[in-house]
Amino acid sequence: MAALEGAAAPKLPPVRPDLVELSGYHSAQVEVDVRLNTNESPIPPPEGWLEEFRAALDAVEFNRYPDREATELRSALADSHGVRPEQVFCANGSNEVLQSLMLAYGGPGRTLALFEPTYTMHRQIARTTGTAVVAGRRTDDHRLDLDEVRRVLASDHPVLTFLCSPNNPSGRADSLDQIEAVLAVAPGLLVVDEAYGQFAPSSALQLLRGGGPGSDRVAVIRTFSKTWSMAGVRLGYLVAAPEVIQACGLVTLPYHLDAVKQLAGRLALRYVHEMEARVALLTEERGRIAATLVDLPVESWPSDANFILFRPLAVPAKQVWTHLLDRSVLVRDCSEWPGLDGCLRVTVGLPEENDRFLAALDESLR
């Protein structure tokens with residue numbers, strides 16, 4: 001139908017007002033020899049996994065929808081963690097798990113608590129789901145401050161409380177005692193993001209499996225992107241009480257987890273020993289990097305993850321970042337993030353990659 005004479009031409013509607021100031025997720029993607037900025041595994045998946053995966057693709061019915069419930073994958077993950085399949089929810093990366101939790105339990109009129117500096121996507125996804133955010137501060141050395149936790153939770157009564165352990169980008173893991181202390185005062189669901197959990201000395205899964213007071217209010221997020229060497233697959237999962245899993249299912253799109261992703265995850269769980277060997281290698285390399293940083297004019301913090309946060313003291317961080325990039329070494333620039341003034345973050349790579357990074361860093365700090 002022709003527009004009425006004199007009427008204004010139709011226009012695209014504006015974006016939601018609360019999204020106008022968002023800028024999305026940013027991490028430099030440039031061609032370099034040594035890429036140490038996104039906390040991926042520097043080691044490809046095991047050759048045995050790749051061979052099994054290629055062979056099993058022949059059996060995938062690409063013309064059919066995948067198993068909507070991801071039954072076999074959830075069962076395999078449940079076995080690996082000592083829980084029941086109905087306690088596992090799988091999604092397209094851990095960020096979709098975060099989004100599902102916030103869609104199910106957050107939204108307008110509800111509040112999420114977090115403690116910064118921490119993983120930036122916790123706040124970002126909260127805003128896109130219309131969930132209010134109240135933020136407490138960590139200590140100057142990026143530890144969890146339990147007095148601050150109690151203050152925030154008592155004053156704002158959040159329905160969701162988020163911890164990141166090990167914390168990104170600082171690298172520190174929260175102890176089980178600390179997580180229990182937070183659980184004791186959290187008024188709703190306590191979500192522990194353990195994207196780097198395999199590197200840490202303990203896991204909140206121990207509280208969930210223990211069945212103690214409040215264990216049904218603990219939700220633990222894991223991913224295949226780090227130690228499983230499967231960042232390109234985008235597979236994450238949640239371990240929680242069945243009621244929480246069911247709630248996530250309410251907001252998930254039909255057939256959201258494709259058949260190839262489910263296959264990749266199931267096969268990966270057959271290679272636990274190879275995964276543990278990767279963790280051991282990267283942990284050893286992390287220690288070597290940390291020991292070298294002690295002798296350089298930088299401030300650094302202990303890490304329980306596959307990365308290290310540091311602050312150059314003699315040269316501005318952006319200048320160091322640019323110098324490293326000129327040497328074809330890419331690290332993460334955190335220097336303008338709240339609470340991280342002048343900081344950079346380096347992912348632990350292969351020994352030869354770490355050598356390149358340390359040599360270029362030493363040169364840049366002279």
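For segment 185-199, backbone phi angles converted through the Karplus equation (6.51, -1.76, 1.60; θ = phi - 60°) give residue-by-residue couplings of 10, 6, x, x, 8, 9, 9, 10, 7, 10, 4, 10, x, 5, 8 Hz, Gly and Pro being listed as x. Accessible area per residue for segment 181-313 is 38 Å², calculated with a 1.4 Å probe on protein heavy atoms, without ligands, DNA or RNA.
Tell me, what is the FRET efficiency for Glu352 and Glu299 to the nearest 0.05, using R0 = 35 angstrom and their Cβ-Cβ distance as r? Spell out each step's value before the answer.
On the way: r = 26 Å, r/R0 = 0.75.
Taking R0 as 35 Å, the efficiency between Glu352 and Glu299 is 0.85.
With protein chains left intact and a 1.4 Å probe, residues in segment 20-156 average 53 Å² of accessible area per residue. Each residue was assigned an accessible area with a 1.4 Å probe, and for Glu299 the value is about 70 Å². Note on the chain: Cα Rg divided by 2.2 N^0.38 Å, N the number of residues, gives 1.06.
Here the Karplus relation 6.51 cos²θ - 1.76 cosθ + 1.60, evaluated at θ = phi - 60°, turns the backbone of segment 360-365 into coupling constants of 5, 5, 4, 4, 5, 8 Hz, with x for every Gly and Pro. Taking amide H as placed 1.01 Å from N in the peptide plane, the amide H of Asp145 sits under 5 Å from that of Thr139, each at least 5 places away or on another chain.
Rolled with a 1.4 Å probe across the full set of protein chains, the surface gives Lys318 an accessible area near 100 Å².
For the pair Ser202 and Val251, label points projected 7 Å from Cα toward Cβ lie 3.0 nm apart.
For segment 218-332, the C-alpha radius of gyration divided by 2.2 N^0.38 Å, with N the number of residues, is 1.45. Put a dot 7 Å past the Cα of Glu363, heading toward its Cβ, do the same for Gln29, and the two dots end up 2.8 nm apart. Under 20 Å of direct C-alpha separation, and excluding same-chain neighbours fewer than eight residues apart, Lys318 reaches these aspartates and glutamates: Glu31, Asp33, Glu299, Asp326, Asp333, Glu336, Asp341, Asp362, Glu363. Length gained on full extension, Leu146 to Ser215: 22.9 nm, using 0.36 nm per residue less the C-alpha separation.
Looking at segment 190-265, what % of the alpha carbon pairs are farther apart than 22 Å? It works out to 31 percent of all Cα pairs. Residues whose amide H lies under 5 Å from that of Ala231, counting only those 5 or more places away or on a different chain, are Ser41; hydrogens are built 1.01 Å from N in the peptide plane. Here Lys261 is the anchor, and the aspartates and glutamates within straight C-alpha reach of less than 16 Å, apart from those fewer than 8 places off in the same chain, are Glu51, Glu52, Asp58, Glu61, Asp67, Glu69, Glu72, Glu96. Karplus-derived 3J(HN,Hα) values for segment 346-359, using 6.51 cos²θ - 1.76 cosθ + 1.60 with θ = phi - 60°, are 10, 6, 6, x, 5, x, 5, 5, 5, 4, 4, 4, 5, 5 Hz; glycine and proline are entered as x.
Taking springs between alpha-carbon atoms closer than 10 angstrom, which of Asn167, Asn39, Asn63 fluctuates most in the Gaussian network model of the chain? For the chain, modelled as a Gaussian network with Cα springs under 10 Å, the answer is Asn63. To the nearest 10, the accessible area of Asp67 is 70 Å² with a 1.4 Å probe.
Put His142, His81 in order of accessible area, largest first, 1.4 Å probe: what do you get?
Reading off the accessible areas and sorting them downward yields His81, His142.
Between amide H atoms placed 1.01 Å from N, distances below 5 Å from Glu299 occur with Arg311, Leu313, all of them 5 or more places distant or on a separate chain. What a 1.4 Å probe finds exposed on the chain is 52% carbon and sulfur by accessible area, rounded to a whole percent.
The values are calculated or read from the model by the stated rules, or taken from the named source; none is laboratory data. These numbers come from a predicted model, not from an experiment. Note that each Cβ is placed from the backbone with ideal geometry, even for glycine, and that neighbours are counted across all protein chains shown. Surface areas here come from the heavy atoms of the whole protein model, side chains and all, with no ligands, DNA or RNA. Shrake-Rupley method; radii C 1.70, N 1.55, O 1.52, S 1.80 Å.
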